[in-house]
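The structure appears right after this line, and notes come after that.
Laboratory data are not the source of any read-out in this text; all were calculated from the coordinates shown. Since we're looking at a predicted model, the values are computed, not measured. No Cβ is skipped: glycine too gets one built from the backbone with ideal geometry, and neighbour counts run over all protein chains shown.
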Amino acid sequence: MVRVVLHPRDLAGCEHRLYLDHAYPDLARARPDTPEAQRRKAAAADHRAGVREMIRGLHSDQSPGTVVLVDPEADHATRAEETMAACATGAAWIWNATLPTDRVAGRRGHAELLIRDGDGYVPVIVVNHRASHPAKSRPNGGNSSAGSNSAGAADPESPNGAGGPKVTVTSPVWTWAPSPDPTRTARNHRRDLLRLAQLTAMLVDLDLATSADPAELRAGVIGLDADCIVVFEMAAALASYTEAFARRRAIAELQVMTTPLRIGECRSCPWWARCGPELEERRDVSLVVGANQSRVLADAGITTIDQLADQRGGPPDDWPGNARFDDAVLTAIAWLRGIPLIRRTEDPEVVRADVEVDIDMESYGEHGAYLWGTLLTDNTDPTREIRYRPFVTWQPLPTPDEGRSFGEFWTWLTAERDAARDAGKSFAAYCYSQQAENRWLLGSADRFAGDPGVPTRAEVESFIGSAQWVDIYEAVGRNFICPNGKGLKRVAPVAGFTWRDADAGGEASMDWYRDAVGLGGTTPDPTQRERLLEYNEDDVRATKVLREWITEGARVEIPHRDMLLASRDD
C-alpha cells in the first residue's frame, strides 16, 4: 500500500477528524476554508511577512547568500530543491525552508527558518501567538515558574547548577546564540513542539541536523512579539512525537477506527455536520460534559446522556476534582428536557450599585485593544440618559493612538467613579469574563505609561482588585448551571436579550475589523466600523440586561437544581 504522508498539523487535535479526512479525501479536498480559518491564515501570513522582512533587514549588510529566501510561489518540489541547494552551499539563514517529502517514513514539513549551527541546521518556526511571557520573580530574583517549560537549561541558582527548576533559553533574532533568560517563561504549545519534532527528525534523516544525539538537538520558536527566539531542547519532544506519530499514521491509514467525540474544536470543524447528528442519535454523553469527563464516564460504563441523568451517589473514580459531578448530572437532565439554565441558589444575587457602568473591550488578536465600550446607568436619577459611549481608535493596530483612546476611557471612568463617591452614591463597573479586560487594562497601562490619562499599573491593579469591578460571567457561574455554555451569547437570550446583528461574534468581529481599518492594503470601510460599534454596544447592553434579570426575574423563571433532581423520582 502507498504510505500516508503526514503534515505536522495532522499530529494534534481531533483523531476522528484525521480519520475522516483520509477516509473521504475527495470531500476533505473539496471543502473551502471557513471564514475563521481564512482569517487565521491571513493574520499568520501577515506576521510571517513582517518577521521575514525583519530578518532580511538585520542581515542586509552581510555578504550575498547569508540569507536565502526560498520562493514561496514555487511548487513544493521546487521549494525543496532550492532549500537543499541552500543547505549545500552552507547558507546561514534559509527562509521558507521546505524539506523533501519523506514517503518512506510518511513525513513532510517546512520551517520558516533553518539557521546554520556548526555543521548542521536548527529548525525555527514563526507562530502567530506568544511563545513566552514575562517570568514571575522568586524572592531571590529567579524565575518562579520556569520549571514548567522545556527549554532545558539548569537554573544557575539551584544547588550545583543542576537538579533545580529550569530557566527558559532564548536567542537573539539576529544570531543563533542560545543562553538562559530568567526574564521569560516559555509557553509550551503542543502543536508547536510536535511540528518542531517532525522537522528535527526529518533533518536527522537528511543528515542536516546539528547532531545525531537527541540530547544535543535544539529548535526554536519566534512568537508574536518577534523579539527573540525561544529555544527548546528536543529530546523529550522527540520521544513524545514518536508515539504520537505512530498512532496518527495508523489512524490516517485507516488501521485504527475512531468515533466522534465532542471537543472544543468541533465548533469550527467542517465535519461537525456529520458528527453532530451521529452524537445526538446515540445521545452521547460528550454532548453535555467535557472531553476528559466523558472519557472518565465511559470508563465507568456511562456513555449516554440518559445514563448520566439517572446517576445517584458520588462521582466515578478519577473524576476531575475541579468539576462538580452533580452539575454534570443536572446538565444531562436539562439536555433531555430542553432547559436552558438551572438555578444553583434559592435567590440569585449579583452586586448592584447606585451608579453602574457596563464595559466591553474589543481587541484584534494579540495586537492590542482598539475599543472600550461603556454604558452608564444612574439608578438614582431616572432623568439621566442611559448612553452608550465608545472610546476607540481606527488606526490599524499596533498604533500609539491606542494609548490615546485607552487614556480617554480611563479618564472618563475615573471621573464617574469620583463623581459617584463625592455624591455619596455607590459605584460598580461590570464586564463579562474579566480575564480579557484585565489583560488589556494591565497591558495598556504598561505599554502606554506616561501618556495622557493612562493610569499606572498600580492604579489598575487597585481597581480590578476592588469590589467595584464585577464579573458577570463569574456571577452566572455562582448562580446557575448552564447546559448550553456560559458565554454571553448563550445566557443573555435566556434573559430576553437579542443582538441586532445575527452574525455578531468574536471571530466575525476580526473580519469586520480588518475591513474597518483597511488591513492588507484595502480601503477602510466605514460601514464595518459602524457594525463593530453596534456589536460592542449590544454586548454592554446584554450585560446590563443579564445582571438586572439575575436579581429581578431569574428566581421565578429558572428551575432550581433540587427540584430537578427530585423530579427524577416522580
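Just a few scattered comments:
- Distance between the modelled labels on V5 and S211, one decimal in nanometres: 3.1 nm (7 Å Cα→Cβ projection).
- 0 to 90° range, to nearest 10: angle between helix 325-337 axis and the chain longest Cα axis: 70 degrees
- Applying 1/(1 + (r/R0)^6) with R0 = 30 Å to the Cβ-Cβ distance of R389 and H189 gives a FRET efficiency near 0.20.
- Subtracting the Cα-Cα distance of A423 and Q255 from their residue separation scaled by 0.36 nm leaves 53.2 nm.
- Cα-projected label distance for S433 with S60, points at 7 Å along beta-carbon direction, nm: 4.2 nm
- Listed by chain and number, the lysines placed with their C-alpha closer than 24 angstrom to that of K486 are K544; residues fewer than eight positions away on the same chain are left out.
- When the square roots of the Cα gyration tensor eigenvalues are ordered a ≥ b ≥ c, the ratio a/c for the range 319-445 is 1.5 or more and a/b does not exceed b/c, which makes its shape oblate.
- Between helix 235-252 and the chain there is an angle of about 80 degrees, using the helix long axis and the longest principal axis of the Cα atoms.
- In terms of its C-alpha gyration tensor, the range 355-557 comes out oblate, because a/c is 1.5 or above while a/b does not outweigh b/c.
- Of all DSSP-defined beta bridges confined to the chain, some 75% are antiparallel rather than parallel.
- Rounded to 10°, Cα long-axis angle of helix 272-281 versus longest principal axis of the chain: 60 degrees
- Residues R555, R31, sorted so that the one with the fewest Cβ neighbours within 10 Å comes first: R31, R555
- Structural descriptor for the range 355-557: relative contact order 22 percent, calculated from alpha carbon pairs under 8 angstrom and at least 6 residues apart.
- Note on mean projected area of the Cα convex hull in nm²: of the candidates (1) 24.8; (2) 30.1; (3) 31.5, the value calculated from this structure sits at (3).
- Across the range 385-401, coupling constants 3J(HN,Hα) worked out from phi with the 6.51/-1.76/1.60 Karplus curve, θ = phi - 60°, read 5, 7, 10, 7, 10, x, 10, 9, 10, 10, 6, x, 6, x, 8, x, 5 Hz, and Gly and Pro carry x.
- Computed [θ] at 222 nm, helices only, for the chain once each DSSP H run of length n ≥ 4 contributes -39500 (n - 2.57): -12500 deg cm²/dmol
- Nonlocal amide H pairs with A429, under 5 Å, H built at 1.01 Å: V357, W469, V470
- ³J(HN,Hα), Karplus 6.51/-1.76/1.60, whole Hz, each residue of the range 484-490, x for Gly, Pro: 9, x, 9, x, 4, 6, 8
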